[in-house]
Amino acid sequence: MSKTTKRKHVTKEVLDGYVLPAENQKIVKVLGGKGNNLHEVETAEGEKYLVSMPTKFRKNVWIKRGDYVLIQSIQEGEKVKAEIFAILYDSQIKYIQSQEKWPKEFVLPATTDVTHDISTVDTDDSSRSDDDLFVNTNRPQCVYESTDQSDSDDSSSAQPKDKDYE
């Protein structure tokens, strides 16, 4: 099996697979990556330990802080106590919640589904606000001011003024 084919099947399994936790499995929250395919997680009871990323997920699927994963305990580990069985995305989390298998200690922020009825959508461009647009926090925010004066009124206004030379 080629790498591309393997990646396609693993990605499809991760995104489309809806699993419920078995007896020996737990839902945990990822606290951060520790390197070498190890991740620190926290259980619903507050216990923190390391879990390993199985070979099939490596370089195919990525997880980050705050994600939820389904883990399966391993017996031979002292520091690494479990292995990731499945990575849980929003639709899978909603499915687990609907089956009432989601830990009550992991309270998720309420997601609001924004649906607009065609008759209630305002199409007037003048009333739209830029407040609901995405703001890139990686760029400095610039404020542009418009002036009512025209440049033809005073030709010296275009020159920067310095108090020492007046």
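One table, with the values for the structure above:
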| quantity | calculated |
| --- | --- |
| Filter result (polar (S, T, N, Q), modelled with pLDDT of 90 or more and surrounded by fewer than 12 Cβ atoms within 10 Å (Cβ to Cβ)) within the stretch 85-113 | Ser91, Ser98, Gln99 |
| Where a residue in the stretch 86-103 is within 11 Å of Leu70 (Cβ to Cβ) and touching a residue at least 40 places away in the same chain (Cβ under 8 Å) and its partner, wherever it lies, is among the small types (Gly, Ala, Ser) and surrounded by fewer than 14 Cβ atoms within 10 Å (Cβ to Cβ), with Cβ under 7 Å and at least six apart | Ala86/Gly17 |
| Total residues in the stretch 59-84, condition modelled with pLDDT of 90 or more and over 15 Å from the mean Cα position of the chain (by Cα) | 10 |
| Single unsatisfied condition, Glu40 versus (1) in contact with a Lys or Arg (Cβ under 6 Å, 6 or more places away or on another chain); (2) open to solvent by 60 Å² or more (accessible area, probe 1.4 Å) | (2) |
| Every pair of residues 6+ apart whose Cβ atoms lie under 7 Å, when the first sits in the stretch 14-34 and is in contact (Cβ under 8 Å) with a residue 40 or more places away in the chain while the second is among the β-branched types (Val, Ile, Thr) and not in a strand (DSSP E or B) | Val14/Val61; Leu20/Ile96; Lys26/Thr43; Val28/Thr43 |
| Single unsatisfied condition, Ile93 versus (1) assigned to a loop (DSSP other than H, G, I, E, B); (2) in contact with a Phe, Trp or Tyr (Cβ under 7 Å, 6 or more places away or on another chain) | (1) |
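Here is a yes/no grid of residues against (1) farther than 15 Å from Pro103 by Cα; (2) open to solvent by less than 60 Å² (accessible area, probe 1.4 Å); (3) among the basic types (Lys, Arg); (4) not in a loop (DSSP other than H, G, I, E, B):
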site: Thr11; (1), (2), (3), (4): yes, yes, no, yes
site: Tyr18; (1), (2), (3), (4): yes, no, no, no
site: Ile27; (1), (2), (3), (4): no, yes, no, yes
site: Val30; (1), (2), (3), (4): no, yes, no, yes
site: Ala44; (1), (2), (3), (4): no, yes, no, no
site: Asn60; (1), (2), (3), (4): yes, yes, no, no
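The values are calculated or read from the model by the stated rules, or taken from the named source; none is laboratory data. Everything quoted here is computed from the prediction, not taken from an experiment. Note that each Cβ is placed from the backbone with ideal geometry, even for glycine, and that neighbours are counted across all protein chains shown. Remember, those area values only see protein heavy atoms, side chains included, never the ligands or the DNA or RNA. Shrake-Rupley method; radii C 1.70, N 1.55, O 1.52, S 1.80 Å.
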